[in-house]
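The values are calculated or read from the model by the stated rules, or taken from the named source; none is laboratory data. This structure is a prediction, so every number in the text was calculated from the model and none was measured. Don't worry about glycine lacking a Cβ; one is built from the backbone with ideal geometry, like all the others, and counts go over all protein chains shown.
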Amino acid sequence: MRIIAGSAKGRVLQAPGTAKGVRPTADRVRETLFNVLGQWLDGLTVLDLFAGTGALGLEALSRGAQRALLVDVDTSIAEKNAKALGLKAELLRMPVDRALEQLRKRGERFDLVFSDPPYADERGRDVLEAARPLLNPGGRIVIEHSKREAMPEEGRIDERRFGDTVVSIYQ
């Protein structure tokens, strides 16, 4: 697993073994996703939920995002990856539901929200609804989910399938 483009292009990311339950977004999925979103994210604010390794948020920083907040119950690998890449990511170590509530109360807003919850939880729809109030006008939410999880059509601007993985993009 590596950073695909930008200032940290080609740099390798650490990833835990599958025993920890982390399922990093594959390079080819991230490459397609950023082709859809745009190659450069200059000045954008990014929220990466269920960040795991931090691959999505760190890729965004490498491509020029101004700020990336990575949220997960364990941010240790994301922190190691950010330090190794020399990228300044903010880390919030807590359950995503609690983080979303805190961010709403603080009035935080983001241009781009990534969410890659565990497929077994089928939480894509819930996270989508909870994250919508955090979007700046014209912002987008990217939900990575299992093909078995039905996601709403309303607001979806793109959808890409990769085997069992589906990436739905909402505006």
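Condition first: over 17 Å from Gly10 (Cβ atoms) and touching an Asp or Glu at 6+ places or on another chain (Cβ under 7 Å). Now tell me which residues in the stretch 57-66 satisfy that.
If the condition is that a residue be over 17 Å from Gly10 (Cβ atoms) and touching an Asp or Glu at 6+ places or on another chain (Cβ under 7 Å), then Gly57 is the only one that fits.
Can you tell me how many residues in the stretch 106-125 are out of contact with any strand residue (DSSP E or B) (no Cβ under 9 Å at 6 or more places or on another chain) and touching a residue at least 24 places away in the same chain (Cβ under 8 Å)?
Here the count works out to 1.
Could you figure out which of (1) of a type in the set (Ser, Thr, Tyr); (2) under 24 Å from Gln171 (Cβ atoms); (3) free of Cβ contacts under 8 Å to residues at least 40 places away in the same chain isn't true of Thr45?
Every condition holds for Thr45 apart from (3).
Conditions tested, residue by residue: (1) free of Cβ contacts under 8 Å to residues at least 60 places away in the same chain; (2) assigned to a loop (DSSP other than H, G, I, E, B); (3) touching a Ser or Thr at 6+ places or on another chain (Cβ under 7 Å).
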{"position": "Val127", "(1), (2), (3)": "no, no, yes"}
{"position": "Pro133", "(1), (2), (3)": "yes, no, no"}
{"position": "Pro137", "(1), (2), (3)": "yes, no, no"}
{"position": "Arg140", "(1), (2), (3)": "no, no, no"}
{"position": "Glu144", "(1), (2), (3)": "no, no, yes"}
{"position": "Glu149", "(1), (2), (3)": "yes, yes, no"}
{"position": "Glu154", "(1), (2), (3)": "yes, yes, no"}
{"position": "Ile157", "(1), (2), (3)": "yes, no, no"}
{"position": "Arg161", "(1), (2), (3)": "yes, no, no"}
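Take the conditions exposed (fewer than 13 other Cβ atoms within 10 Å of the Cβ), under 23 Å from Ser62 (Cα atoms) and basic (Lys, Arg) and apply them to Lys80. Does it pass?
So Lys80 fails the test.
Condition (residue is part of a loop (DSSP other than H, G, I, E, B), of a type in the set (Gly, Ala, Ser) and in contact with a Leu (Cβ under 8 Å, 6 or more places away or on another chain)) applied to the stretch 81-100: is it met by at least one residue?
Yes, that holds for at least one residue.
For residues that are surrounded by fewer than 19 Cβ atoms within 10 Å (Cβ to Cβ), at pLDDT below 85 and outside any helix (DSSP H, G or I), tally how many sit in the stretch 23-57.
Selection size over the stretch 23-57: 5.
Does Ala60 count as part of a loop (DSSP other than H, G, I, E, B), within 23 Å of Pro133 (Cα to Cα), modelled with pLDDT of 95 or more and hydrophobic (A, V, I, L, M, F, W, C)?
Taking the combined requirement at face value, the residue does not satisfy it.
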